[in-house]
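A.B. asks: Have a look at this one.
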Amino acid sequence: MMQTLVDCDRMSFEEFIEWYPEDGKRYELYRGVVREMMPTGTHEDTSGFFVADLNFEIHRCNLPLSIPRSCLLKPEMAETGFIPDVVVLDRRELVNEPLWQKSSVIQNGKTVPLVIEVVSTNWSDDYAIKLTAYEAMGIAEYWIVDYRALGAVRHIGKPKQPTVTVCKLIEGEYQLFLYTSGKRIESDIFPELNLMTNAIFQIA
């Protein structure tokens, strides 16, 4: 997902959600700077695959979860808001989200059992900035889907190959589990999910 900086003054988070235009585009705020997110077709196709597969699992298992078309996550870092590629919400916790009804903003990690980011050219955001932010929020699982093997060797190993990294929150810290070609993704949020990495990687 490419990013371009929006030509506007630095904003507080409150100013950002008031400013957010209804133009069909996607924007994030990082330390007061507005960034327009510009995903490729393959990136969106991969995100859509997860939405379809996880929605099927939610309905099959009658889980109290939902996947919004879009929502803004407000991490603990100042003047920052992220729009994940896929976010799974616990509908029972939405009553504890004061900004949800008005602005589709989620502030509590307990409301978000799972978030997924599909890696593109700004891969360092997903492996560093967002990993740290989602961990601090207390989001139980964070999946990093690197179907083009763009991440550094320290993240996906050598030789570099398409990888899904599942970060599980254990005693307040993410423990990382890497899934390469031919592996079944193991999730504590969706323990019965039968999802093989090849089904993801073949989209690209």
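The values are calculated or read from the model by the stated rules, or taken from the named source; none is laboratory data. Nothing here was measured: the structure is a model prediction, and the numbers come from that model. When we count neighbours, we look across all protein chains shown, and the Cβ atoms used for this are built from the backbone with ideal geometry, even at glycine.
A.B. asks: How many residues are in contact (Cβ under 8 Å) with a residue 12 or more places away in the chain and either over 19 Å from the mean Cα position of the chain (by Cα) or under 18 Å from V118 (Cα atoms) (or both) when one looks only at segment 146-171? First the steps, then the outcome.
C.D. replies: At the first step, the residues of segment 146-171 found to be in contact (Cβ under 8 Å) with a residue 12 or more places away in the chain are 146-152, 155-157, 161-169.
Next, only the ones that are either over 19 Å from the mean Cα position of the chain (by Cα) or under 18 Å from V118 (Cα atoms) (or both) stay: 146-152, 155-157, 161-168.
Qualifying residue count for the region: 18.
A.B. asks: Do we have any residue at all in segment 59-68 that's touching a Ser or Thr at 6+ places or on another chain (Cβ under 6 Å) and in contact (Cβ under 8 Å) with a residue 40 or more places away in the chain? It would help to see each step written out before you state the result.
C.D. replies: Filtering segment 59-68 down to residues touching a Ser or Thr at 6+ places or on another chain (Cβ under 6 Å) leaves none.
No: zero hits.
A.B. asks: Taking the residues in segment 112-136 that are among the β-branched types (V, I, T) and out of contact with any strand residue (DSSP E or B) (no Cβ under 7 Å at 6 or more places or on another chain) as candidates, determine which candidate is surrounded by the most Cβ atoms within 10 Å (Cβ to Cβ).
C.D. replies: Step by step, filter segment 112-136, then rank; the result is I129.
A.B. asks: Looking only at segment 157-202, filter to residues that are touching a Phe, Trp or Tyr at 6+ places or on another chain (Cβ under 8 Å) and loosely packed, with under 15 Cβ neighbours inside 10 Å; which one of those is nearest to D146 (Cα to Cα)?
C.D. replies: The residue in question is S181.
A.B. asks: I've got another one for you. Of the residues Y174, Y142, Y127, Y134, which is closer than 22 Å to M37 by Cα, touching a residue at least 12 places away in the same chain (Cβ under 8 Å) and in a strand (DSSP E or B)?
C.D. replies: Working: Y174 fails: closer than 22 Å to M37 by Cα; Y127 fails: in a strand (DSSP E or B); Y134 fails: in a strand (DSSP E or B).
Only one candidate qualifies: Y142.
A.B. asks: Which members of segment 13-51 meet the condition of being more than 17 Å from A133 (Cβ to Cβ) and part of a loop (DSSP other than H, G, I, E, B)?
C.D. replies: Within segment 13-51, Y20, P21, E22, D23, G24, K25, P39, T40 qualify.
A.B. asks: Of everything in segment 63-111, what is closer than 19 Å to I17 by Cβ, surrounded by fewer than 14 Cβ atoms within 10 Å (Cβ to Cβ) and over 15 Å from the mean Cα position of the chain (by Cα)? Give them in sequence order.
C.D. replies: E76, A78, N96, P98, Q101, K102
A.B. asks: Six or more apart or on different chains, Cβ under 6 Å: which pairs go from a residue in segment 83-106 that's at pLDDT 95 or above to one that's basic (K, R) and part of a loop (DSSP other than H, G, I, E, B)? Could you list them?
C.D. replies: That search, which allows pairs on different chains as well, returns V105/K74.
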